[in-house]
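Every read-out reported here was derived from the displayed coordinates using simple, explicitly stated rules and does not represent laboratory data. Worth saying up front: this structure is predicted, and the values here are computed from it rather than measured.
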Amino acid sequence: MPPVFRFAPSPNGYLHLGHACSALLNFDAACRSGGRLLLRIEDIDPARCRPEFEAAIYQDLAWLGISWEMPVRRQSEHLADYRAALEKLSAMGLVYPAFESRAEIARLVAQREAQGPWPRDPDGAPLYPGAAKSMAPDARARLLDSATPCALRLDMAAARARVPDLDWIEHGEGPEGAVVARPQAHPEAWGDVILARKETPTSYHLSVVIDDALQGVTEVVRGADLFWSTSVHRLLQHLLDLPQPVYRHHRLVTDGEARKLSKSTAATGLRELRAQGASLADIRGLVGLVRPA
């Protein structure tokens, strides 16, 4: 079977050079290997995702000379798939609701840090500091019945008790250089991650592993900023009995101050560069890619 690659942008802004790098790497790899390239629109955030951004994604990719298989998978059209996975994890006793607001969580973190360092995940965000996991069942039921907003979190300790040590096959560039395999991956570094919110039946961590499995993705080529989150994805794949793709995390395209590009950075936006007369060869040069033979 030919390898299956995917490019999965979110339509919450216009694409920039970093997206171009990832899309071209996937496209080039698919062409070299005789594989397939899929396009997925990760539009689970209705507050930020907009139709004009999605339309611009198609325009920018076409300008880059990238073609993909149809139909495009739009996450907002497949919420039932994520809900089913969440229900499976819930039935295993691995999901619990946490009712603190973001402001309340920030206050709890400040209280913990007043007593000493509080752990943070690989992205620098503080781990969940609340006690919702030990909440009395009747109190939890009352809050759920009253439609109190909540985040549905993975009980990481219980999940890890169910699985052996995890690893993944890495053919790209991790934070410590080229990696062939990464044994002893530790999803505990992320704490009790959010899998969904009461109003949205999925999160990035949950939807990405479901989508990759349902789409038959065999090769995940993405930025190095997602290297460490692979441990969470491997844990969820194991719990949900999903296949494991091969991973390749590539270097990030950064600005003049070595910062990861943002969709708000007009100087690196593909639309702006195209309007200034940039060519596909120019874009490939800017992201350090040569045209494949």
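Could you give the length gained on full extension between Ala62 and Met135, defined as 0.36 nm per residue of separation minus the Cα-Cα distance, in nm?
On the way: separation 73, 0.36 × 73 = 26.28 nm, distance 5.15 nm.
Length difference between fully extended and current span is 21.1 nm.
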Helix-only CD estimate at 222 nm, as mean residue ellipticity for the chain, using -39500 (n - 2.57) per DSSP H run (n ≥ 4): -10500 deg cm²/dmol
Under 4 °C and 1.567 mPa s, how fast does the chain diffuse according to Stokes-Einstein, given a Kirkwood radius computed over C-alpha pairs? Answer in µm²/s, whole number. 63 µm²/s
Any chance you could check the Cα centroid distance between segment 36-106 and segment 197-227 for me, in angstrom? 8 Å
Work out, step by step, the length gained on full extension between Asp225 and Ala281: first 0.36 nm times the residue separation, then minus their alpha carbon distance; give nm to one decimal. 17.6 nm
In degrees between 0 and 90, to the nearest 10, how far off the longest principal axis of the chain does helix 17-33 point, with axes built from Cα atoms? 70 degrees
